[in-house]
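Worksheet: one structure, shown below.
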Amino acid sequence: MFRRDALEMRVLILAPVGRDAALLAQTIAQLDIDTATARDADVLLQMMANGFGAIIVADEAMTIAHLHQMTQWLSAQPPWSDPPFIILTPNGRPSDHTSHRAQEFSSLGNFTLIERPVRPETILSAVRAALRARMKQYEARSRQEALLHANADLEQFAYSASHDLKEPLRNISIFSELLLAEYGQSLDERGTRFLQVVRESSHRMDQLLGDLLGYAQAANIPDELPEPIPAAKPLEVALANLAVAIRETDARITIDALPIVRIREIHLAQLFQNLVGNAIKYCRDGVPPEVCVTAKLTSDRWVFSIADNGIGIDPQYTESIFGIFKRLHANGKYAGTGMGLAICQRIVERYRGRIWVESKPGNGSTFFFTIPS
Ligand code: ADP
């Protein structure tokens, strides 16, 4: 009835009285399902590591210490897995004992309590329901794995495409420069204009591909959190890279005392560079940018904020601007590729944080992001 890897569908039985286990196994055999009996809770845990569809436990075989051990084991299960337990209460115990044990077993999460003496139909229907639930979990696992594969393929595609396209583009750039240098004199005004469009477009494509590559690379940030670093250092790096823009716009940057945080320097520098860079770039005509960088501790994370006095963002776009190549202005007025915030979002999410913006059009914006302390 339940076709799958036998180990993944077998029913494990923990019943200290040998006869109980044998009877249960005999009953379950009607479902054409394998069973395996553990002599104690330690053996059961070992068996569980090799796969199971459902677990039947006689209440008296599970002490509080075993339950604790089992709960710990369960907490290490992947998100798709919610092992189904069927617990058999001891014969003839008063109902307050049952409800007391039900409370203790609640740490197992997915359990069904069955009072003894148990009728074969009752145990069969409980096992059937548990195996059905487990099958659904395996299906969720397969879907998750397929999604992960598809995602990894897409990442690889974005990386290779942006990387490999840079090579021919470099040739277009070099040869259009050579054309201008060596044959520029022979071109008429129209020819010079055409060549100018080729040069500008290849420059733009180089920027787009560079940002796409940066976006693809951000997916490879390792899961492990690095050693803490002072946030002031990457901000210094970012401000040095933005020195020309700061000077040209006469921007004033105010910085609060910044904390020590668990993020790689290169990634925090990238966040600051994109967000402070935008705060300077999207300024109001004739109003020098004023940018304020702060950080506040909330429970286990730091919330950084970068506030500006610029053009602001219409509330209907405060989520979409984090999408790839999303821009609110045509290319003319503000330079950019629309990838900066998408890269920021990806970096922050790789550190299990969040990024968002609060803004009133015409009245400045404040970007926030969280990172582990
Ligand atoms: P880019 O700046 O290259 O266009 P981003 O991904 O950094 O790309 O930003 C996406 C869009 O969000 C920008 O085109 C701009 O319209 C808007 N934006 C970002 N930062 C600000 C800001 N500080 N003030 C106003 N608008 C902003």
Only one of these is under 28 Å from ASN220 (Cβ atoms) and not aliphatic (A, V, I, L, M): SER186, SER176, SER142, SER125. Name it.
-> SER142
Segment 359-373 - residue that is in a strand (DSSP E or B) and within 11 Å of the ligand (Cβ to nearest atom) and, of those, nearest to the chain's Cα centre (by Cα) | PHE367
Set ALA279, ALA231: member being more than 30 Å from ASP153 (Cα to Cα), touching a residue at least 60 places away in the same chain (Cβ under 8 Å) and in contact with a Gly (Cβ under 9 Å, 6 or more places away or on another chain) = ALA279
Output the number of the condition that TYR334 fails; it satisfies all remaining conditions of (1) outside any strand (DSSP E or B); (2) more than 7 Å from the ligand (Cβ to nearest atom); (3) farther than 17 Å from TRP302 by Cα.
-> (2)
Kindly check whether there is at least one residue in segment 113-126 that is surrounded by 17 or more Cβ atoms within 10 Å (Cβ to Cβ) and at pLDDT below 85.
-> no
Can you find even one residue in segment 129-143 that is closer than 18 Å to PRO16 by Cα, in a helix (DSSP H, G or I) and out of contact with any Leu (no Cβ under 8 Å at 6 or more places or on another chain)?
-> no
Considering every residue within segment 19-33, establish whether at least one is assigned to a strand (DSSP E or B), surrounded by 19 or more Cβ atoms within 10 Å (Cβ to Cβ) and of a type in the set (Val, Ile, Thr).
-> no
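Right, ASN309: assigned to a loop (DSSP other than H, G, I, E, B), more than 8 Å from the ligand (Cβ to nearest atom) and either crowded, with 16+ Cβ neighbours inside 10 Å or within 17 Å of the chain's Cα centre (by Cα) (or both) or not? Steps first, please.
On the way: assigned to a loop (DSSP other than H, G, I, E, B): yes; more than 8 Å from the ligand (Cβ to nearest atom): yes; either crowded, with 16+ Cβ neighbours inside 10 Å or within 17 Å of the chain's Cα centre (by Cα) (or both): yes.
Against the criterion (assigned to a loop (DSSP other than H, G, I, E, B), more than 8 Å from the ligand (Cβ to nearest atom) and either crowded, with 16+ Cβ neighbours inside 10 Å or within 17 Å of the chain's Cα centre (by Cα) (or both)), ASN309 qualifies.
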For VAL293, state whether it is more than 18 Å from the chain's Cα centre (by Cα), free of Cβ contacts under 8 Å to residues at least 24 places away in the same chain and closer than 24 Å to ASP256 by Cβ.
-> no
If you go through segment 240-254 one residue at a time, how many are in contact with a helix residue (DSSP H, G or I) (Cβ under 7 Å, 6 or more places away or on another chain) and either assigned to a helix (DSSP H, G or I) or farther than 24 Å from GLY336 by Cβ (or both)?
-> 4
Quick check, is TYR282 crowded, with 20+ Cβ neighbours inside 10 Å, over 21 Å from the mean Cα position of the chain (by Cα) and hydroxyl-bearing (Ser, Thr, Tyr)?
-> yes
Filtered residues of segment 200-223 (kept if exposed (fewer than 15 other Cβ atoms within 10 Å of the Cβ), at pLDDT 90 or above and not basic (Lys, Arg)) | GLU200, SER201, HIS203, GLN207, GLY210, PRO222
With respect to the numbered conditions (1) away from the ligand (no atom under 12 Å from the Cβ); (2) under 25 Å from ARG264 (Cα atoms), which one is the sole condition not fulfilled by ILE343?
-> (1)
Restricted to segment 312-331 and to residues being near the ligand (Cβ under 8 Å from one of its atoms) and either assigned to a loop (DSSP other than H, G, I, E, B) or not aliphatic (A, V, I, L, M) (or both), the residue surrounded by the fewest Cβ atoms within 10 Å (Cβ to Cβ) is HIS329
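The values are calculated or read from the model by the stated rules, or taken from the named source; none is laboratory data. From a predicted model like this one, the values you see are computed outputs, not experimental measurements. For neighbour counting, all protein chains shown are included, and Cβ atoms are generated from backbone atoms with ideal geometry for every residue, glycine included.
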